[in-house]
1. Scanning for something among the acidic types (Asp, Glu), free of Cβ contacts under 8 Å to residues at least 60 places away in the same chain and touching a helix residue (DSSP H, G or I) at 6+ places or on another chain (Cβ under 8 Å), does the range 2-17 turn up at least one residue?
2. Could you tell me which residue of the range 34-53 is surrounded by the fewest Cβ atoms within 10 Å (Cβ to Cβ), considering only residues that are near the ligand (Cβ under 10 Å from one of its atoms) and under 8 Å from the mean Cα position of the chain (by Cα)?
3. In this structure, is Gly5 near the ligand (Cβ under 9 Å from one of its atoms) and exposed (fewer than 14 other Cβ atoms within 10 Å of the Cβ)?
4. Return yes or no: is Val15 more than 12 Å from the ligand (Cβ to nearest atom) and surrounded by 12 or more Cβ atoms within 10 Å (Cβ to Cβ)?
5. Of the residues Ala20, Ala63, only one is surrounded by fewer than 17 Cβ atoms within 10 Å (Cβ to Cβ) and of a type in the set (Gly, Ala, Ser); which?
6. From the residues in the range 23-33 that are among the charged types (D, E, K, R) and out of contact with any strand residue (DSSP E or B) (no Cβ under 9 Å at 6 or more places or on another chain), which one is surrounded by the most Cβ atoms within 10 Å (Cβ to Cβ)?
7. Kindly provide the set of residues from the range 6-43 that are part of a helix (DSSP H, G or I) and at pLDDT 95 or above, ordered by number.
Amino acid sequence: MRVAGDREICMGAGVCVMTAEGTFDQDDDGIVVLAFDRVSANEEKVVRNAVRMCPSGALRIVAD
Ligand code: SF4
């Protein structure tokens, strides 16, 4: 499983980092940065939660 983050849409709420900090990070402006686009098996559930909870819809799951 992979995840993508659209930095043009991200509003810097930080929900993704709080939900799955192993996969997501934020730059100095609070905009999402993907630590790894390939999600480890043990992080899949929290990454799916982060995608669902992102208030701007900037995150999406990408098929392998
Ligand atoms: S949860 Fe969404 S809006 Fe918030 S930092 Fe992450 S990608 Fe950006």
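The values are calculated or read from the model by the stated rules, or taken from the named source; none is laboratory data. All figures in this text were calculated on a predicted structure; none of them were measured in a lab. Cβ: placed from backbone, ideal geometry, glycine included. Neighbour counts: every protein chain shown.
1. no
2. Looking at residues that are near the ligand (Cβ under 10 Å from one of its atoms) and under 8 Å from the mean Cα position of the chain (by Cα), I get Leu34.
3. Values: near the ligand (Cβ under 9 Å from one of its atoms): yes; exposed (fewer than 14 other Cβ atoms within 10 Å of the Cβ): no.
Here the answer is no, as Gly5 does not meet what is asked.
4. Considered against the rule, which asks whether it is more than 12 Å from the ligand (Cβ to nearest atom) and surrounded by 12 or more Cβ atoms within 10 Å (Cβ to Cβ), Val15 comes out as no.
5. Among Ala20, Ala63, only Ala63 is surrounded by fewer than 17 Cβ atoms within 10 Å (Cβ to Cβ) and of a type in the set (Gly, Ala, Ser).
6. Checked the range 23-33; the qualifying residue surrounded by the most Cβ atoms within 10 Å (Cβ to Cβ) is Asp29.
7. Of the range 6-43, the ones part of a helix (DSSP H, G or I) are 15-19, 41-43.
Passing the criteria: Val15, Cys16, Val17, Met18, Thr19.
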